[in-house]
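Worksheet: the structure to be examined is printed underneath.
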Amino acid sequence: MRLWKHPKASLMESFDGPSSNAHAKEHSGHSSEKTLDELRNLLTGPQQQQLAQLQQRLDDPLLRGEELSRILPDAITLGTSRNDKIARAIQPTIEESIRTSVKKNTRAFADAIFPVLGPGIRKAIASTIMGMIQSLNQMLNYSFSFKGLQWRWKAFRSRRPFAEVVLLHSLVYRVEQLFLIHLETGLVLQHVTSSQITFQDPDMISGMLTAIQDFVRDSFETDKDTALDTLRYGGDQSIWIEQGPNMVLAAVIRGIPPLTLRNQYRELLDGIHLKFHSVLESFEGDVSPFEILKHQLEDGLKFQVKEAKTRISPLLWILLIIFLTLSVAWAFQSYHYHIRWENFRARLNAERGIVLTSVERKNGKHYISGLRDPSARDPLNLMKEARLDPSKFVFEWQFNYALDPESTLARAKTMLNPPPEVILKFLNGTLTAEGRSEHRWIADFRNRVLNVTGVNAYDDTHLLDTDLEKLTMARKLLERVTPFFPPGKSRIPEGMNEDLYEGLKVIRTIQHLQDLINIPVHIMIFGHADASGSKKFNLQLSHERAEYVLRFLMHNGVDPSHIKAIGMGVKASGKEGATQVDSILNRTVTFKTFL
């Protein structure tokens, strides 16, 4: 079917042509795109703004640091309450910080912990010395009496120290152990013992006391608050028990103590309850807060001995003193020689690179034979340190290379002689060098390391070449040197060439280092000119300036084999000389280095 078209429409279409239709389509397209942009802004505008803010927070380290500082304490507290991963994670860092602090300033670290450890150390030393003096005093009182001789014979037969036998026979009483026990849980909060007794398991004794208390209450139907106050065993041994609201103080005593001692323990227990009331109310098994009570409990390890009433005969004194002096002198010499010899033998046997195969004593001399690594210490030096007479020793050594890691590492240090800043490590046949060194030693290390017996491979990836580092710094310094020229001149007047001499100094350093490490460095001298003249003139002027600097360097002894001068004209400067400062900057010579 054919559509009818109005004549005017045909006429207008023929008049306007296809350009009118294209214009209408273009206008419609712009309108649609604008409408879509407005609709997109209405729908996603807030989200885009939020994304922009989030991007800014991610890109700005200050904002991230501020937000992290607000949540980090809570995060650490929450993580610590759940498990100990955070503690395990930061433990190496804290330990390394402490080690670094101690290495950096040992005195500051010692001053920090002295107020805590100092009083305890002094008190422990004083208590030990007082006990030694008391024991020595008792031993001297009975050493030269008839009773003392009987006790010495008894000590010999029982193989017990004479001082201990004297103390047991002259003892009135002695508190040997003190236990501070939590009443409800039965845990030992603190435990101290006298130095004269052997150590016993405090938790086992605490459990025994708790079981006895429960047995008494259950068997005799006593009140819950009723407690035993004394247990006696072994004839002269007893346990005094003082019970408080939250704790029990138990004292293991040998002999018959005065009743005033019980009052002292009761006052001690009351004072501890008063001081640790809040800790005991919230006690959940952590006994660390009670560590500070150790010295206070040690003061409760009291004792009393009988006073010596008999007098000793002066003649007996003299005879016994002479006998004991001679005996002690002989025993002292024999004992100390034996100790020195045994220590020397043990040290020699444990010395790295030495293996003893035979040790004999004949005709008053020691004959020692074995294997010895060349890097091992000289046994004669060890003998001097042990204060032994070399004339009484005969050594027969067979040289042998020990392949243990310590011997191999010592041998490598002796052969390679590393500088102080280089650390050598040996593991699984590989010798690792770490630190900083000159190129000469690094090259020597690489050439000789595999000649060390026991070394199969080496690793120098963590070894920094200081000469190469100096060369890199010199190259950077040279590229910052920019001698300036007067306008239209290809020479620098005397007195204005400080930068030129600075460049000469740096180039000499570069050439020295390149010869040392055998790495050639190519130096390019670029001449520049401002835009005040013609292009041809400026190119020629820049070339003359570069050649002038090259001649200056050659005149002052610089090797020109790796140096080239090039004129760059105006374009290479990157500026058109718009200002006076730009013109000055364009009238320069610059350097560029290449490996």
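The values are calculated or read from the model by the stated rules, or taken from the named source; none is laboratory data. Note that the structure is a prediction, hence the values are computed from the model and not measured. Using ideal geometry, Cβ is built from the backbone for each residue, glycine included, and neighbour counts are taken over all protein chains shown.
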Exactly one of (1) at pLDDT below 80; (2) of a type outside the set (S, T, N, Q); (3) more than 14 Å from Phe179 (Cα to Cα) is unmet by Glu284. Its number? (1)
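Conditions (1) touching a Leu at 6+ places or on another chain (Cβ under 7 Å); (2) surrounded by 15 or more Cβ atoms within 10 Å (Cβ to Cβ); (3) over 13 Å from Val589 (Cβ atoms), marked per residue:
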residue	(1), (2), (3)
Ser490	yes, yes, no
Glu498	no, no, yes
Gly503	yes, yes, no
Asn518	no, no, yes
His522	no, no, yes
Ser532	no, yes, yes
Lys535	no, no, yes
Here are the criteria: (1) under 18 Å from Thr466 (Cβ atoms); (2) within 28 Å of the chain's Cα centre (by Cα); (3) exposed (fewer than 13 other Cβ atoms within 10 Å of the Cβ). Tell me which single one Ala433 does not satisfy. (3)
Name the residues in region 311-332 that are of a type in the set (S, T, N, Q) and not in a loop (DSSP other than H, G, I, E, B), would you? Thr325, Ser327
Test: residue in region 164-187 that is in the same structural domain as Asn246 (by TED's automatic domain parsing), modelled with pLDDT under 70 and in contact with a His (Cβ under 9 Å, 6 or more places away or on another chain): no
Which of the residues belonging to region 259-289 are free of Cβ contacts under 8 Å to residues at least 40 places away in the same chain and either among the acidic types (Asp, Glu) or assigned to a loop (DSSP other than H, G, I, E, B) (or both)? Leu259, Glu267, Asp270, Phe276, Glu281, Ser282, Glu284, Asp286
Identify all residues within region 357-397 that are aliphatic (A, V, I, L, M) and surrounded by 15 or more Cβ atoms within 10 Å (Cβ to Cβ); write none if there are none. Ile368, Leu371, Ala376, Leu382, Met383, Ala386, Leu388
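Yes/no matrix, rows are residues, columns are (1) at pLDDT below 90; (2) in contact with a Pro (Cβ under 8 Å, 6 or more places away or on another chain); (3) under 15 Å from Lys592 (Cβ atoms):
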position: Pro483; (1), (2), (3): no, no, yes
position: Asn497; (1), (2), (3): yes, yes, no
position: Lys505; (1), (2), (3): no, no, no
position: Ile517; (1), (2), (3): yes, no, no
position: Ile525; (1), (2), (3): no, no, yes
position: His528; (1), (2), (3): no, no, yes
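With over 30 Å from Ile292 (Cα atoms), at pLDDT below 75 and not hydrophobic (A, V, I, L, M, F, W, C) as the only criterion, which of Asp37, Asp84 stands out?
Of Asp37, Asp84, the one residue that is over 30 Å from Ile292 (Cα atoms), at pLDDT below 75 and not hydrophobic (A, V, I, L, M, F, W, C) is Asp37.
When region 511-553 is examined, which residues are found to be assigned to a loop (DSSP other than H, G, I, E, B), among the aliphatic types (A, V, I, L, M) and under 59 Å from the mean Cα position of the chain (by Cα)?
Ile519, Val521, Ala529, listed by residue number.
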Can you confirm whether Leu416 is within 30 Å of Met524 (Cβ to Cβ) and modelled with pLDDT under 90? no
Would you check which residues across region 243-299 are touching a Phe, Trp or Tyr at 6+ places or on another chain (Cβ under 9 Å), under 24 Å from Asp201 (Cβ atoms) and surrounded by fewer than 16 Cβ atoms within 10 Å (Cβ to Cβ) and list them? Pro289
Inside region 333-375, the number of residues satisfying the requirement of being under 39 Å from the mean Cα position of the chain (by Cα) and more than 30 Å from Thr453 (Cα to Cα) is 5
Yes/no for Tyr458 being assigned to a helix (DSSP H, G or I) and out of contact with any Asp or Glu (no Cβ under 8 Å at 6 or more places or on another chain): no
Report yes if Gln200 is closer than 22 Å to Lys294 by Cα, in the same structural domain as Glu267 (by TED's automatic domain parsing) and at pLDDT below 70, otherwise no. yes
The residue from Ile312, Ile322 that alone is over 30 Å from Thr185 (Cα atoms) and modelled with pLDDT of 85 or more is Ile322
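Considering each of Thr453, Thr482 in turn, give the residue that is more than 30 Å from Asn556 (Cβ to Cβ) and in a loop (DSSP other than H, G, I, E, B).
On the way: Thr482 fails: more than 30 Å from Asn556 (Cβ to Cβ).
Just a single option satisfies the conditions, and that option is Thr453.
Just name the residue that is farthest from Ser407 (Cα to Cα) out of those in region 322-372 that are among the β-branched types (Val, Ile, Thr) and either in contact with a strand residue (DSSP E or B) (Cβ under 6 Å, 6 or more places away or on another chain) or in contact (Cβ under 8 Å) with a residue 24 or more places away in the chain (or both).
That would be Val359.
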Output the residue which, of all residues in region 559-595 that are crowded, with 18+ Cβ neighbours inside 10 Å and part of a loop (DSSP other than H, G, I, E, B), is modelled with the highest pLDDT. Met568
